[in-house]
1. Given the criteria in contact with a strand residue (DSSP E or B) (Cβ under 8 Å, 6 or more places away or on another chain) and without any contact (Cβ under 8 Å) to a residue 24 or more places away in the chain, does Arg82 qualify?
2. If I ask for residues that are assigned to a loop (DSSP other than H, G, I, E, B) and closer than 28 Å to Pro192 by Cα, which ones from the stretch 127-147 would you list?
3. Inside the stretch 187-208, can you point out the residues that are aliphatic (A, V, I, L, M), modelled with pLDDT of 50 or more and assigned to a helix (DSSP H, G or I)?
4. So for the stretch 244-254 (the condition being crowded, with 20+ Cβ neighbours inside 10 Å and part of a loop (DSSP other than H, G, I, E, B)), does at least one residue qualify?
5. Surrounded by 23 or more Cβ atoms within 10 Å (Cβ to Cβ) and of a type outside the set (Val, Ile, Thr) - does that describe any residue in the stretch 121-133?
6. Within the stretch 219-271, how many residues are over 21 Å from the mean Cα position of the chain (by Cα) and either under 29 Å from Leu175 (Cα atoms) or among the polar types (S, T, N, Q) (or both)?
7. Considering only the stretch 63-79, state which residues are closer than 21 Å to Thr51 by Cα and in contact with an Asp or Glu (Cβ under 9 Å, 6 or more places away or on another chain).
8. I'd like to verify a number: residues in the stretch 91-112 that are in a helix (DSSP H, G or I) and on the phi > 0 side of the Ramachandran plot, how many?
Amino acid sequence: MSSDSIAVIAFDRISMFHLAIPLEVFGEDRRDAGVPLSPVTVCSCEKRALTTSGGLVLGKLQGMRAVETAGIVVVPSWRDPREQPPEALLRALRKAHRRGALIVGLCLGSYVLAAAGLLDGRPATTHWKLADDLAKRYPEIQVNRDVLYVDDGDVITSAGVAAGIDCCLHLLRRLHGAEIASQVARRMVVPPHRQGGQAQYIEPLRETATVDRFSEVMAWVQQHPELLHSLDSLAAKACMSRRTFTRRFRQVTGTTAGAWLLDQRLALARRLLETTSLPIDLVAEQAGFGAVVSLRKQFTNVLHTSPGRYRKEFRES
């Protein structure tokens with residue numbers, strides 16, 4: 001098995017956007033920016049030309065042989081949640097999982113993983129509009145309706161459509177570190193990591209001057225994570241009451257201010273550990289954790305490693 005090779009499953013009536021997400025994140029040659037190039041193969045168990053949902057025709061795709069050796073297998077969606085996927089596809093996914101491959105289901109690809117039995121007893125997600133349906137049809141799955149993706153170790157699932165980008169960038173971050181993922185995100189002109197869940201996208205938010213002030217405060221905090229921040233100070237800077245600011249933060253990000261700020265600080269700490277030789281105590285200070293003990297605690301809780309081990313892994317990879 002080649003741990004860095006990726007097999008992407010195509011099928012008839014696939015959305016080109018869904019198919020393009022893993023190809024854009026993993027398949028583009030960005031070695032000039034220091035991004036490792038992973039071998040990516042698009043394959044299908046349907047032995048004929050495939051027509052996309054937009055009318056384009058995909059021809060000369062490989063069969064399922066690449067799935068037999070790939071370290072990562074991505075199912076970028078599925079054409080109809082009511083349609084049982086072909087047994088040949090399900091069998092290939094089960095076999096790949098048994099031999100140790102990482103299996104990824106983006107958007108409705110979660111239905112394919114569920115049909116293969118790979119989500120039994122696991123947390124998973126899918127598009128918010130079909131989360132209740134997935135839970136009803138597969139009650140053994142712990143369906144999380146609000147998150148953008150769920151990483152359960154050897155199986156990863158994502159929420160709807162563009163959340164596949166978040167999921168693939170997360171996987172890239174897991175494989176090669178935060179700086180590499182940030183490089184790719186910058187090339188794609190997307191955020192390297194969106195905090196919060198898909199609940200924030202179910203109903204459109206009205207664009208108001210309040211949202212603009214709120215966005216300015218968030219951008220300012222991202223530029224100054226090392227400063228002491230509190231709900232009261234951030235609400236005051238946004239010219240809002242604490243209660244209104246808290247409600248707006250949850251509406252816009254899908255999470256709390258504290259969780260969002262922690263995520264920003266962890267992202268900065270990871271980049272500093274990967275790209276600089278700063279002593280860990282200075283990394284803790286510059287990333288806004290203050291003391292090293294706080295940085296170590298959060299790395300243990302969130303990343304299940306220490307800052308020192310994290311630096312060693314990604315500086316030597």
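The values are calculated or read from the model by the stated rules, or taken from the named source; none is laboratory data. Because the structure is a prediction, the values reported are computed rather than measured. Note: ideal-geometry Cβ built from the backbone for every residue, glycine included; neighbour counts use all protein chains shown.
1. no
2. So the first thing to find is which residues in the stretch 127-147 are assigned to a loop (DSSP other than H, G, I, E, B), and the list is 127, 138-141, 144-147.
Result: His127, Asn144, Arg145, Asp146, Val147.
3. Pass one, the stretch 187-208, residues aliphatic (A, V, I, L, M): 188-190, 199, 202, 205.
With modelled with pLDDT of 50 or more added as a condition, the list becomes 188-190.
Answer for the stretch 187-208, where residues must be aliphatic (A, V, I, L, M), modelled with pLDDT of 50 or more and assigned to a helix (DSSP H, G or I): just Met188.
4. Yes; the residues of the stretch 244-254 include at least one that is crowded, with 20+ Cβ neighbours inside 10 Å and part of a loop (DSSP other than H, G, I, E, B).
5. Yes - at least one qualifying residue is present in the stretch 121-133.
6. Selection size over the stretch 219-271: 11.
7. Across the stretch 63-79, the qualifying residue is only Arg79.
8. Here is the first cut: in the stretch 91-112, the residues in a helix (DSSP H, G or I) are 91-98, 109-112.
Checking which are on the phi > 0 side of the Ramachandran plot leaves us with none.
Of the residues in that region, 0 qualify.
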